[in-house]
Amino acid sequence: MAGQTDHKLRGDYSRARADYTVDQDYSLYTPAEQDLWKRLYARQSALVPQYACDEFIDVLATLNFGAGIPRFDEINAMLFPATRWTLVAVPGLLPDDVFFNHLANRRFPVSVWLRTPEEFEYIVEPDIFHDFFGHVPLLFNPVFADYLEAYGKGGVKAKGLNALDYLARLYWYTVEFGLIQTPKGLRTYGAGILSSTGELPYCITSPKPNRIKFDLLRVMQSNYKIDTFQETYFVIDSFKQLFDATAPDFTPYYEELRTRPDLAATAALPTDTLVTV
Ligand code: HBI
Ligand code: FE
């Protein structure tokens with residue numbers, strides 16, 4: 001999950017180390033939380049076959065996330081051999097530069113706390129369900145795993161170029177809320193969608209939002225909302241397209257972007273290639 005929050009952060013940052021990591025104390029999860037996790041998993045995994053991309057579905061099937069709240073060390077024992085990524089336990093949202101530095105070193109920050117039953121439908125901050133169910137499966141996909149490391153490296157550079165906002169938009173419209181064309185039709189790979197009941201069908205079936213073919217500068221020019229369903233989605237043709245588009249040095253892109261106006265999340269330009277569902 002991305003997007004800055006101005007309200008007090010949920011997690012307990014008091015025991016976090018200098019890199020903001022903490023230990024997952026599995027004994028702290030209550031039976032009620034284990035039950036809530038299983039209900040969240042059952043509901044989302046029932047929706048996934050219709051709306052998620054196969055790369056996500058295929059990996060989810062190999063993970064036993066439905067059995068209960070996952071243990072970081074058990075998942076890392078599978079993830080590291082697969083793509084050399086490691087999950088690190090964190091109290092919640094991290095400062096951008098800390099977050100990017102973890103990604104640049106193939107470490108994915110995963111919150112240790114679980115939402116309350118009242119937040120079953122929606123939560124603003126990334127909790128352990130959003131991070132594990134939404135983000136972790138695609139870390140097993142080699143191309144996507146390389147994209148995320150490249151994104152992290154780009155973020156470390158962007159901070160130096162005062163271009164974090166542009167890069168945060170790219171993260172939002174791909175990693176969190178991205179759509180992808182597949183032989184089975186339009187599907188999603190975005191963690192913010194995959195971990196959300198309502199938005200998973202909405203992003204594919206609703207006539208309301210704009211669905212625009214991926215264009216790197218167009219994405220980085222576009223504002224986003226953090227507390228409603230998206231009004232615009234960007235559609236890639238493949239993870240390789242995303243990886244190749246973000247491989248070059250972004251410095252000239254940032255210079256070009258500074259000459260362009262920011263676009264509202266609802267904007268539709270005559271130069272946009274719209275994707276119909
Ligand atoms: N922190 N734990 C955590 N998870 C995120 O997804 C995250 C973050 N901090 C900042 C952030 N995402 C976004 O603003 C990125 O675009 C940087
Ligand atoms: Fe996320």
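Taking the range 154-167 as the range and being open to solvent by less than 40 Å² (accessible area, probe 1.4 Å) and in a loop (DSSP other than H, G, I, E, B) as the test, only Ala163 passes. Check the range 161-170 and report whether any residue there is more than 13 Å from ligand 1 (Cβ to nearest atom) and out of contact with any Pro (no Cβ under 7 Å at 6 or more places or on another chain). For the range 161-170, residues more than 13 Å from ligand 1 (Cβ to nearest atom) and out of contact with any Pro (no Cβ under 7 Å at 6 or more places or on another chain): present. His102: farther than 25 Å from Leu179 by Cβ, assigned to a helix (DSSP H, G or I) and within 15 Å of ligand 2 (Cβ to nearest atom), yes or no? Criteria met by His102. Figure legend. Inter-residue proximity from the range 130-143: first residues charged (D, E, K, R), second residues at pLDDT 95 or above and within 12 Å of ligand 2 (Cβ to nearest atom), beta-carbon distance below 6 Å, spacing 6+ or different chains. Indicated pairs: Asp131/Val110; Asp131/Ser111. Among the residues of the range 217-232, those identified as within 16 Å of ligand 2 (Cβ to nearest atom), under 20 Å from Leu167 (Cβ atoms) and either outside any loop (DSSP other than H, G, I, E, B) or in contact (Cβ under 8 Å) with a residue 60 or more places away in the chain (or both) are Tyr224, Ile226.
Is at least one residue of the range 66-77 at pLDDT below 95, among the polar types (S, T, N, Q) and either more than 16 Å from ligand 2 (Cβ to nearest atom) or out of contact with any Cys (no Cβ under 6 Å at 6 or more places or on another chain) (or both)? No, the conditions are met nowhere in the range 66-77.
Filtering the range 194-216 to residues that are open to solvent by less than 30 Å² (accessible area, probe 1.4 Å) and part of a helix (DSSP H, G or I) leaves Leu194, Glu199, Leu200, Cys203, Ile204, Leu216.
When His130, His135 are checked against the criterion of being out of contact with any Phe, Trp or Tyr (no Cβ under 8 Å at 6 or more places or on another chain) and in a helix (DSSP H, G or I), a single residue qualifies: His130. A search for C-beta distances below 8 Å between a residue of the range 168-193 that is modelled with pLDDT under 95 and outside any helix (DSSP H, G or I) and any residue that is within 14 Å of ligand 2 (Cβ to nearest atom) and not acidic (Asp, Glu), counting only pairs 6+ apart in sequence or on different chains, returns nothing. When the residues of the range 88-110 are filtered to those that are over 20 Å from Ser14 (Cα atoms) and within 14 Å of ligand 1 (Cβ to nearest atom), the one that is surrounded by the most Cβ atoms within 10 Å (Cβ to Cβ) is Phe100. Within this structure, Val124 passes the test of being within 14 Å of ligand 2 (Cβ to nearest atom), open to solvent by 10 Å² or more (accessible area, probe 1.4 Å) and either in contact (Cβ under 8 Å) with a residue 40 or more places away in the chain or not small (Gly, Ala, Ser) (or both). The condition of being farther than 29 Å from Pro261 by Cβ, away from ligand 1 (no atom under 14 Å from the Cβ) and at pLDDT below 95 holds for only one of Phe120, Phe144, Phe140, that being Phe120.
Look through the range 195-220, keep the residues that are among the small types (Gly, Ala, Ser) and either at pLDDT 95 or above or at positive phi (or both), and return whichever of them is nearest to the chain's Cα centre (by Cα). Checked the range 195-220; the qualifying residue nearest to the chain's Cα centre (by Cα) is Ser195. Could you list all residues from the range 134-153 that are under 21 Å from Val98 (Cα atoms) and open to solvent by 30 Å² or more (accessible area, probe 1.4 Å)? The answer is Asp146, Glu149, Ala150, Lys153.
The values are calculated or read from the model by the stated rules, or taken from the named source; none is laboratory data. This structure is a prediction, so every number in the text was calculated from the model and none was measured. So basically every Cβ, Gly included, is an ideal-geometry build from the backbone, and we count neighbours across all protein chains shown. The area values use the complete protein model at the heavy-atom level, side chains included, leaving out ligands, DNA and RNA. Shrake-Rupley method; radii C 1.70, N 1.55, O 1.52, S 1.80 Å.
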